[in-house]
Amino acid sequence: MDFPDVTLPAKPLFQPGDVVIGKYRIDVALGAGRYGEVYRVFNTAMGHMSALKVINVENPALHKAGIEAQAHALCQHDHVVKILTADVLNGAVLIEMELIDGRSLEDRLFAEFVPVLESLSFIKDILFALEHAHARGIIHRDVKPGNIMLCAGRAKLSDFGVALHPETGLSPSGHSHFYRPHASPEAYNDNSFSASSDVFSTGLTLLRAVNNQADWKGALGGADWRALVGNGRLAEQMGVAPYVPRALKTIINKAVHRDPGQRYDSAVKFREALQRLRPARSWLRESDDHWSCLFKGKTEIVRFIPATNAVDYLVSGRRQSFGSKRFDTELQARAHMAKLIGESTLLKPTARRPRPAA
């Protein structure tokens, strides 16, 4: 079975107004997934709003202990959604978390185009969170757009509900829930989890973000995602969008390499590689034929003109000859447009000065 976790009811477990374990008054259901349901609740004992996740697990007491250990280790980090308390109710674990006044990266990808530079910023935040977790022996195992919460231009990593923690004695063989579509091949095939497997999942998340792939299965062309995950070729099948800068493609390919020995061996190394990139233009795709950005106080536009198979590059309304061209075919024109976007998203690396001879 590919997702041996929870069986969700046809309707939410709780309704608005319900009071759970005497202190959580249900306000509204926020969402549901394979691992549980999430509600916005009012904690009547503490007098604040929070998010409450309800998850059915095989051993609720052990799972509660794991959540409490993680909360103690992680609660001080700015890029981790804070876990407040954990309780057990009728074979389920209730996890109270801080309520983020925003939406997930997955929600954003479904709703609108997310510029490449914004995705880069979000993933760097998440890598900071993973550095903090990995330094404490915690492996997340569930990095995906739906578990990245966005608020005020920053990102926080959420849902450590299936993470491994050394203090609890939990092991891959005794705790089998994890998000399989984003799993590294060694995690999917052998239940072998490490900081490197979280790096892989984060790399795949970055790929989906820069590609703006909310519905990633649609990019597989009917291929069996299980086989692709098992042999480490899911990212290859998805491909990288043509407007993504070449330097970023190189970093993503290394992060999702099927061989752990060829992958970034830590979240630190992955983040440092992203930080060496030099952001420039945050291009917004307004339509397939029209891209725009604000750079150094000037509006820049790249547009495709179907009638003539032409591409125009405009700066403050003035056509720039270096990027504006006509082509014989639409395919050539669109390839040129993507190249313009990709090459201008980042500044070129600065040349290193040669060291003086000893």
message: From the list Glu300, Glu343, Glu330, exactly one residue is within 25 Å of the chain's Cα centre (by Cα) and of a type in the set (Asp, Glu). Which is it?
response: Glu343
query: In the stretch 127-144, what residues are within 16 Å of Phe178 (Cβ to Cβ) and in contact with a Leu (Cβ under 9 Å, 6 or more places away or on another chain)?
result: Leu130, Ala133, Ile138, Ile139, His140, Arg141, Val143, Lys144
statement: Scanning the stretch 179-194 residue by residue, the ones that are surrounded by fewer than 23 Cβ atoms within 10 Å (Cβ to Cβ), out of contact with any Gly (no Cβ under 7 Å at 6 or more places or on another chain), not basic (Lys, Arg) and not in a loop (DSSP other than H, G, I, E, B) total 3
query: Does Leu170 meet the test of being outside the structural domain of Ala69 (by TED's automatic domain parsing) and at pLDDT 90 or above?
result: no
- request: Only residues that are crowded, with 18+ Cβ neighbours inside 10 Å and more than 20 Å from the chain's Cα centre (by Cα): list them for the stretch 66-83, please.
  value: Gly66, Ile67, Ala69, Gln70, Ala71, Ala73
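Residues that are under 24 Å from Ala333 (Cα atoms), at pLDDT 95 or above and in contact with a Leu (Cβ under 8 Å, 6 or more places away or on another chain): find the strands (runs of 3 or more DSSP E) completely inside the stretch 206-314 holding 2 or more of those.
On the way: elements: 284-287, 290-295, 298-305.
Qualifying strands (runs of 3 or more DSSP E): 290-295, 298-305.
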query: If we scan the stretch 51-65, do we find a residue that is in contact with a helix residue (DSSP H, G or I) (Cβ under 6 Å, 6 or more places away or on another chain) and surrounded by 17 or more Cβ atoms within 10 Å (Cβ to Cβ)?
result: yes
- request: Go through the stretch 130-151 and give me each residue that's part of a helix (DSSP H, G or I) and under 16 Å from Ser192 (Cβ atoms).
  value: His134
- request: Could you please find all residues in the stretch 121-152 being touching a helix residue (DSSP H, G or I) at 6+ places or on another chain (Cβ under 7 Å) and of a type in the set (Asp, Glu)?
  value: Glu131
message: Against the condition crowded, with 19+ Cβ neighbours inside 10 Å, over 12 Å from the mean Cα position of the chain (by Cα), modelled with pLDDT under 95 and closer than 22 Å to Ala32 by Cα, how does His134 come out, does it pass?
response: no
Unique residue being surrounded by fewer than 20 Cβ atoms within 10 Å (Cβ to Cβ), at pLDDT 90 or above and closer than 30 Å to Pro242 by Cβ when the list is Phe122, Phe128: Phe128
field: Of residues in the stretch 277-302 being in contact (Cβ under 8 Å) with a residue 60 or more places away in the chain and farther than 21 Å from Ser324 by Cβ, the one surrounded by the fewest Cβ atoms within 10 Å (Cβ to Cβ)
entry: Arg278
Evaluation of Phe113 against (1) in a strand (DSSP E or B); (2) in contact (Cβ under 8 Å) with a residue 24 or more places away in the chain (one fails), failing number: (1)
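The values are calculated or read from the model by the stated rules, or taken from the named source; none is laboratory data. Nothing here was measured: the structure is a model prediction, and the numbers come from that model. As a convention, Cβ positions derive from the backbone with ideal geometry for all residues, glycine included, and neighbour counts pool all protein chains shown.
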